[in-house]
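Trainee: I have a structure I would like to understand better, so I am pasting it below and will then ask my questions one at a time.
Read-outs: derived from the displayed coordinates by stated rules, not from any lab. In this text the structure is predicted, and so the values were computed from the model without any measurement.
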Amino acid sequence: MASTDVQKHLSGEPKISDMTLSEFRTMMNALIDERLSEWVDEDAGLKLRSEVVERIKRQRADYAAGKRGKSLGEIASKYGVKL
């Protein structure tokens, strides 16, 4: 596309710099919703392996019983990362 064609094509498009914060947020939310729905649609109908389902059930039960994983500090310390 030639430079003038691009300018003609874009001339009717709103510019982000002309948007209000509310309009920008609305646009971003719509874009995010669109992308997320595409990803969900790709996984529709797929089944989890039985061992994955069991792991999720164990994790939910542990969480409900008050058990938690390691803290961020513990993990950072293990790998020598300073927070």
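Trainee: Rounded to whole Hz and in sequence order, give me ³J(HN,Hα) for the range 51-56 from the Karplus expression 6.51 cos²θ - 1.76 cosθ + 1.60, θ = phi - 60°, writing x for Gly and Pro.
Mentor: 5, 5, 4, 5, 5, 4
Trainee: Which of the lysines could be linked to residue 47 by a straight reach, that is with a Cα gap under 21 Å, when you skip same-chain ones fewer than 8 residues away?
Mentor: 57
Trainee: Then there is this: Could you give the length gained by full extension between residue 54 and residue 37, i.e. 0.36 nm per residue of separation minus their alpha carbon distance, to one decimal place?
Mentor: 3.5 nm
Trainee: Below 18 Å, Cα to Cα, which lysines can residue 70 reach? Residues fewer than 8 away in the same chain don't count.
Mentor: 78, 82
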